[in-house]
Amino acid sequence: MTLGTLVIRNLRRHTFRVALTALGIATVILAFNLIVTTVRAWYAGVEAAVPNRLISRHAASLSIHLPLAYRDRIATLNGVTGVTYANWFGGVYRDAKGFFPQFAVEPASFLDLHAELSITEAERQAFLGDRRGCVIGRRLAALYGWKVGDVIALKGTIYPGDWEFVVRGVYHGADAATDETWMLLRWDYMNERRQQIDPDRAGTVGWYVIRIADPSLAGSVTRSVDAEFANSTAETRTETEQAFQAGFVAMSGAIISALKLLAIVLNGVTLLVLANTLVMAVRERTKELAVLRTLGFRPSHLTALMTGEALLIAGLGSALGIAITIPTTYIFGALVAAKLGNFFQHLTLYTSTLLLSTSVTLCIAVCAAAFPIMTILRDKIAAGLRHTG
Amino acid sequence: MNQPVVEFQRVSKSYVRGEQEISVLKDFSLSIPQGQFLAIMGPSGSGKTTILNLVAGLDRPTQGTIHAAGIAVSQQGETDLARWRARHIGFVFQFYNLIPVLTAAENVELPLLLSKLARRERFKHVQAALGLVGLSDRIHHYPRQLSGGQEQRVGIARAIVSDPTILLADEPTGNLDRTAAQAIMALLTRLHQELNKTILMVTHDPHAADYAQEILHFDKGKVR
């Protein structure tokens, strides 16, 4: 026999109570994992940002465009090794639910600066050679069953009218963080139609993507780009791609903050549920614990016993929580996809999320054990031996 | 005359209940030589159990000093006292106080978990202790599967398994019928005579007290 034997036997005294506590912890772990997964999906763009890329947009608002002529001036600045540009297209497929990110881009330079969008050379050439061509991400293609050669009909929301694009390539993300739900269409084709629909905005771009020689140059290049266009009619605001993406996330800041707060509250619930179970166990075993102390068990032994019980219950809850999290995340992902399309393309359950929830729960278990431990050590042994009930 | 193994020097003990101070021991002195079997008798509330608690360091005196098994018990810290108890004190309770989720052998093994003995050695000691109290055939029984007398014998086996210097028995027959009580007292007498254990027993029962070498009558915190 070891102290561990006593820990396990003690837990088996009230299997129903332990099972309910573990189930409660498992439910909290499930909710925590879903929240963390959702928040991570929100930040996926930030995590995928490349450190040697900057984004330059109109200083006042992203909805105000910049002149195309800025491209050549940016390209000549020190530290800049490449420039491309893009516009938000904002079309829908069939109806409003058929929404996914569409960017009108200058194809050669855009693909050059976004090496993480991996397509074959033949597809690249086909895209460059067809003004109505487009390249779509693997996940987007899978969602709608599109393949090379298919025609995609979109309804323009920013640029009204019916638009048709021919799929010339399907890109794969170079890593798991790469967004595979984009549709890249050609800026020159969009601009040509825009000249007819909205001539005032023709020849303008939504933002520039600037590649720099080294991420350490980000600060100086940012300042020199903005200084270049200071006091012009279209001043720029330049920032790293990560900061640019984080700006989008910040728009949902209240929701994300609420989710994070909820995750903290859930862990508070775990603490209370577990502490309550342990305090009940200690109250029932007051006399036994006094007997152990009479036999010579030291405060450290009793601390080990209670912490062991807390960790075992939390471990059971964590294992159960992980077991139900895995299938639930897939179901949750499918439900979200059905409601929001590809809004959360990175709704992925990472091992690190599971490790985080388990670690947090085990830490909470140690904290929860502190309550009964304090009670045990505060009580006098003689009083414990007299305890009845 | 053997050296005293327990010595109370002008010990007083009082408890505070609300605004009232209740005196349990008043200027009490006692010396118990090594190898003595002493019974303390007295009515409920006379302070008998308090004496056992003070010897074992489960409670602290309000005044005076207590020496037992080589240390000044009243001046030790909690952790040091726990270590000392594990080595020197065996405690037999009126209500046995076995851990219900552990078998007889596991209950007896509990004090040995605090020693450096290997598992196999511990088991040998457990077998020997249970053999001494005549329960070799109940090793894997849980307390609920034993009679009161058998439970108390397991309690005694647990108290002696680590070969303590002093055996403290708090009403060891208080919860047993006459036959079981006689068997327990015979066992304690055997431990005293054969193993030369120092035994300090608190009891209401004059028949049980008769087994002791010496009887101390106690009332209102003082020896009569």
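The values are calculated or read from the model by the stated rules, or taken from the named source; none is laboratory data. No experiment lies behind these values; they were computed from the predicted model shown. Note that each Cβ is placed from the backbone with ideal geometry, even for glycine, and that neighbours are counted across all protein chains shown. To get the accessible areas, we keep the full protein, side chains included, count just its heavy atoms, and leave off ligands, DNA and RNA. Shrake-Rupley method; radii C 1.70, N 1.55, O 1.52, S 1.80 Å.
Here are the numbers:
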item	result
Test for A:SER232: is it farther than 30 Å from A:GLY156 by Cβ, open to solvent by 30 Å² or more (accessible area, probe 1.4 Å) and at pLDDT below 95	no
Filter pass, A:THR270 being part of a helix (DSSP H, G or I) and either farther than 30 Å from A:ARG378 by Cβ or modelled with pLDDT of 90 or more (or both)	no
Close pairs (6 angstrom Cβ cut-off, 6 or more residues apart or separate chains): away from chain A (no Cβ under 13 Å) in the stretch B:37-57, part of a helix (DSSP H, G or I) and at pLDDT below 95 anywhere	B:PHE37/B:HIS192; B:ALA39/B:ALA209; B:ILE40/B:LYS48; B:MET41/B:ALA209; B:GLY42/B:LYS48
In the stretch A:50-70, residue modelled with the lowest pLDDT [restricted to those that are touching a helix residue (DSSP H, G or I) at 6+ places or on another chain (Cβ under 9 Å) and open to solvent by 20 Å² or more (accessible area, probe 1.4 Å)]	A:VAL50
Identity of the residue in the stretch A:82-125, open to solvent by 70 Å² or more (accessible area, probe 1.4 Å) and closer than 27 Å to A:ASP214 by Cβ, that ends up modelled with the highest pLDDT	A:ASP112
Flag for A:THR84 being out of contact with any Ser or Thr (no Cβ under 6 Å at 6 or more places or on another chain), of a type in the set (Ser, Thr, Tyr) and within 30 Å of A:GLU164 (Cβ to Cβ)	no
Answer from A:LEU6, A:LEU34, A:LEU23, A:LEU54 - the residue that is of a type outside the set (S, T, N, Q), within 14 Å of chain B (Cβ to nearest Cβ) and not in a loop (DSSP other than H, G, I, E, B)	A:LEU6
Selection count where residues are more than 17 Å from A:PHE103 (Cβ to Cβ), hydrophobic (A, V, I, L, M, F, W, C) and in contact with a helix residue (DSSP H, G or I) (Cβ under 7 Å, 6 or more places away or on another chain), scope the stretch A:130-147	0
Residue within the stretch A:303-313 that is assigned to a helix (DSSP H, G or I) and either touching a strand residue (DSSP E or B) at 6+ places or on another chain (Cβ under 9 Å) or surrounded by fewer than 15 Cβ atoms within 10 Å (Cβ to Cβ) (or both) present	no
Test: A:VAL50 is outside the structural domain of A:LEU320 (by TED's automatic domain parsing), aliphatic (A, V, I, L, M), touching an Asp or Glu at 6+ places or on another chain (Cβ under 9 Å) and within 20 Å of A:GLY173 (Cβ to Cβ)	yes
Check on A:THR286, out of contact with any Asp or Glu (no Cβ under 6 Å at 6 or more places or on another chain) and either open to solvent by 50 Å² or more (accessible area, probe 1.4 Å) or away from chain B (no Cβ under 14 Å) (or both)	no
Any hit, the stretch A:177-197, residues being within 21 Å of A:ALA96 (Cβ to Cβ), touching a helix residue (DSSP H, G or I) at 6+ places or on another chain (Cβ under 8 Å) and open to solvent by 60 Å² or more (accessible area, probe 1.4 Å)	no
Matching residues, the stretch B:119-167, being hydrophobic (A, V, I, L, M, F, W, C), open to solvent by 40 Å² or more (accessible area, probe 1.4 Å) and within 12 Å of chain A (Cβ to nearest Cβ)	B:PHE123
Residue satisfying all of: in the stretch A:359-370; surrounded by fewer than 19 Cβ atoms within 10 Å (Cβ to Cβ) and in contact (Cβ under 8 Å) with a residue 12 or more places away in the chain; nearest to the other protein chains (Cβ to nearest Cβ) among these	A:VAL366
